[in-house]
1. Take the residues in region 104-119 that are exposed (fewer than 13 other Cβ atoms within 10 Å of the Cβ) and of a type in the set (S, T, N, Q), then tell me which one is modelled with the highest pLDDT.
2. I'm told P57 meets every condition in (1) modelled with pLDDT of 90 or more; (2) within 20 Å of the chain's Cα centre (by Cα); (3) not aromatic (F, W, Y) except one. Can you identify the failing condition by its number?
3. So the check is Cβ under 8 Å with 6+ separation or different chains; which pairs have a first residue in region 77-103 that's surrounded by 16 or more Cβ atoms within 10 Å (Cβ to Cβ) and a second one that's of a type in the set (K, R)?
Amino acid sequence: MTTLTTDTTTALLQASQGQSADIVAKTKSAEQTRNMQAIEEAAKDFEAMFITEMMKPMFEGIKPDPMFGGGKGEEIFQGMMLTEYGKMVAETGQLGIADQVKAEMIKMQEKANGTSTQQ
């Protein structure tokens, strides 16, 4: 059995503590990254939903083509089409709604946690 000197034991303890601190820091960084990704996704989803709702009145007055359209199927698929249009417009980021929502969500999270992360 090998015996460790006091210096060796101290060095091993310090190294393990340093590794633990690194692991904790990396874990916190990964958690913040996941939080930011979740915030960004929620903000984009909100923008897409908002755009979809704003587009609905534009399509209310459009009557289906009597030759090839109409029926319940078209009603259902028109809603799905508008949802996809909303997602596509939100992906461009041209309106900037998601950016504003993201900034507000970050402020709310910082206030709740009592922290400040500048990004």
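1. Just the residues of region 104-119 that are exposed (fewer than 13 other Cβ atoms within 10 Å of the Cβ), to begin with: 104, 107-108, 111-119.
In the following step, the residues that additionally are of a type in the set (S, T, N, Q) were identified as 113, 115-119.
Values: N113: 80, T115: 67, S116: 58, T117: 55, Q118: 55, Q119: 51.
Among those residues, the one meeting the criterion is N113.
2. P57 satisfies all of (1) modelled with pLDDT of 90 or more; (2) within 20 Å of the chain's Cα centre (by Cα); (3) not aromatic (F, W, Y) except (2).
3. L82/K56; A90/K44; A98/K44
Table: residues versus (1) loosely packed, with under 10 Cβ neighbours inside 10 Å; (2) in a helix (DSSP H, G or I); (3) in contact with a Cys (Cβ under 7 Å, 6 or more places away or on another chain); (4) at pLDDT 70 or above.
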| site | (1), (2), (3), (4) |
| --- | --- |
| K26 | no, yes, no, no |
| E31 | no, yes, no, yes |
| E41 | no, yes, no, yes |
| F46 | no, yes, no, yes |
| I62 | yes, no, no, yes |
| P66 | yes, no, no, yes |
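The values are calculated or read from the model by the stated rules, or taken from the named source; none is laboratory data. Keep in mind that what you see is a predicted model, and the values were worked out from it rather than measured. Neighbour counts are summed over all protein chains in view; Cβ atoms, including those assigned to glycine, are modelled from backbone coordinates with ideal geometry.
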